[in-house]
Amino acid sequence: MRKYLSFFRLRFSMGLQYRTAALAGITTQFFWGAMEIMVFKAFYEAEPESFPMTFEATVSYIWLQQAFLAFFAAWMIENEIFDAIMDGNIAYELCRPIGIYHMWFSRSLANRLSRALLRCFPILLIAAMLPAPYGLHGPQSMLRLLVSLLTMALGLLVTVAFCMLIYSLTFFTVSPKGLQILFTSAVEFLSGGVIPLPFFPERIQRIMELLPFASMQNVPLRIYGGSMWGREAVNAVCLQCIWLVVLIAGGSSLCRYAEKKVTIQGG
Amino acid sequence: MIRRRGAACRNSLRLYKHYISINVRSMMQYKASFLLTAMGQFLVSFNVFLGIFFMFQRFSRVKDFSYSEVLLCFSIMLLEFALAEMWARGFDSFSGMVRSGSFDRVLVRPRSEILQVLGSKFELTRIGRMLQAIVMFIYGIIQCDISWTFARICTVLFMLVGGACLFTGLFMVYAALCFFTLEGLEFMNVLTDGAREYGKYPIGIYGKRILQLTTFVIPYALVQYYPLLYLLGKRSSPVYIFLPLGAGLFLIPCYLLWRVGVRHYKSSGS
């Protein structure tokens, strides 16, 4: 466990070094959030009665999504890992007396955490200061805040576990590009990255909510905003736990299988 | 004098064609990778389309625009962007050129730098994105029942030309800034990718401020919103037909900035 923790620490402090990149990221995210809100506002003004959640909940969904983009964005996948698999550097990693799965897991987790920590506070702060309907509202209750934090942690873990599945699958292909694009765009769409899940037609939404993708950003952002609470939230947390276990079990066994079969082609 | 100019121009064009053919041939060495990347381009913008599709399952219109009208708008914007990206991608990877010092090589050749930078990359993979734009465009045209006149066809063509110019200009600014910062500014993505992403809806829906900003500062609205109004028959003044060409003027300040950048260029060595 200690060695994984040190991997985590290493990556974490490395991620914190990129401050200019973070500043650029913050401006971009802020702009993105503002535009997104304007789109939803235009729809809201056209037909407020068709809106599936309150406008305030939508706004806070968008701001949180932008602030914690590094947690949930599937395209922030680690190219280093793909490169290692492609160019054979994986051989060095296999030499180490530690499990690849756990090492990569802690590393991805640290990367996402450090990135988000650098970026989230300025965005949250500015978003909270914006005037009423366009700003991020404060937590409705202490309990809700705690549950949002818990589900956010679970959602982050599910996202990382899913990315691990993609890395493991890369062992079996020659070019990871196709797989990567296919999976990241699927995750982006099905997890509510393009439009929040409640905006989908009800029947499709019901299916989507059972998929692992809905256990990523969908749950924490909606619980904080207020469009999910009570029994629905309890179910969602259970589902998050189930998917987390399934994804980790699947990913690590796939990874173990791949480790046995991998052949390094010289170099 | 004029004849010599003409000959030089034709010569440059031939050189550019040659650049393209080199690029395409080298890309075709990796056919699978080409197809996958093109497919990826398709998938990424397909997500955006699905977003619009499902939004309109719930809402029937946004401001004054219906689903098919939004699709038409999005498809034209996407086409403009894909066109510019296809041929001006060299500017996008320009930071690498400055940092590695290979811009020195460009400068010593007796040809225009812009031509050489443009020729350094030709992204045929953007075909994936274009394909989708064309499908949506056709669907939008069928559903919108626009009565096609010569003026309207011209409007679409002008939109494509003006839009491609506008995005090319933005890519050029992005590259010109590399002369000063040595690396690409991520912030510029807001102006290119952001415009593509949020240009999917007619700019008018974002309110008056944004409309003013995109008319006078960076003229997105000239290639998107105003001609679209004419196309859909919401406005009838013929001025709207030629507005997209006005966006071509945006290339002038971009070019000047580029010139300043080239003057300012100091080789980074190596």
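The residues of the range B:118-141 that are crowded, with 21+ Cβ neighbours inside 10 Å and among the aliphatic types (A, V, I, L, M), listed by number, are B:Leu118, B:Met130, B:Ala133, B:Met136.
A:Thr184: within 14 Å of another protein chain (Cβ to nearest Cβ), farther than 18 Å from A:Ile62 by Cβ and more than 15 Å from the chain's Cα centre (by Cα), yes or no? No. Among the residues of the range A:80-108, those that are in contact (Cβ under 8 Å) with a residue 24 or more places away in the chain, part of a helix (DSSP H, G or I) and among the small types (Gly, Ala, Ser) comprise A:Ala91, A:Ser106, A:Ser108.
Of everything in the range A:135-156 that is assigned to a helix (DSSP H, G or I) and touching a helix residue (DSSP H, G or I) at 6+ places or on another chain (Cβ under 6 Å), the residue that is nearest to A:Tyr167 (Cα to Cα) is A:Leu156.
Among the residues of the range A:31-79, the ones that are away from chain B (no Cβ under 14 Å), among the polar types (S, T, N, Q) and in contact (Cβ under 8 Å) with a residue 60 or more places away in the chain come to 2 in all. Would you confirm whether or not the range A:80-92 contains a residue that is in contact with a helix residue (DSSP H, G or I) (Cβ under 8 Å, 6 or more places away or on another chain), surrounded by fewer than 18 Cβ atoms within 10 Å (Cβ to Cβ) and under 27 Å from B:Tyr198 (Cα atoms)? No. Of everything in the range A:216-257, what is within 20 Å of A:Ala73 (Cα to Cα) and among the aromatic types (Phe, Trp, Tyr)? Give them in sequence order. Selection gives A:Tyr224, A:Trp243. Could you grab me the full set of residues in the range A:1-19 that are touching a residue at least 12 places away in the same chain (Cβ under 8 Å) and among the hydrophobic types (A, V, I, L, M, F, W, C)? Passing the criteria: A:Leu5, A:Phe7, A:Phe8, A:Leu10, A:Phe12, A:Met14, A:Leu16. A:Asn111 fulfils the conditions (1) more than 19 Å from the chain's Cα centre (by Cα); (2) assigned to a helix (DSSP H, G or I) except for a single criterion, (1). Taken across the range B:36-44, residues that are assigned to a helix (DSSP H, G or I), polar (S, T, N, Q) and within 14 Å of chain A (Cβ to nearest Cβ) do occur, with at least one present.
Across the range B:103-123, not a single residue is classified as part of a helix (DSSP H, G or I), over 21 Å from B:Ile22 (Cβ atoms) and either of a type in the set (Ser, Thr, Tyr) or modelled with pLDDT of 85 or more (or both). Of B:Tyr30, B:Tyr19, B:Tyr67, all but one fail to be within 13 Å of chain A (Cβ to nearest Cβ), hydroxyl-bearing (Ser, Thr, Tyr) and under 25 Å from the mean Cα position of the chain (by Cα); the exception is B:Tyr67. Of everything in the range A:20-79, what is in contact with an Asp or Glu (Cβ under 9 Å, 6 or more places away or on another chain), closer than 20 Å to A:Thr151 by Cα and not in a helix (DSSP H, G or I)? Give them in sequence order. If the condition is that a residue be in contact with an Asp or Glu (Cβ under 9 Å, 6 or more places away or on another chain), closer than 20 Å to A:Thr151 by Cα and not in a helix (DSSP H, G or I), then A:Ala73, A:Ala74 are the ones that fit.
The values are calculated or read from the model by the stated rules, or taken from the named source; none is laboratory data. For clarity, every value in this text was computed on a predicted model and none was experimentally measured. Virtual Cβ from ideal backbone geometry, glycine too; neighbours counted across all protein chains shown.
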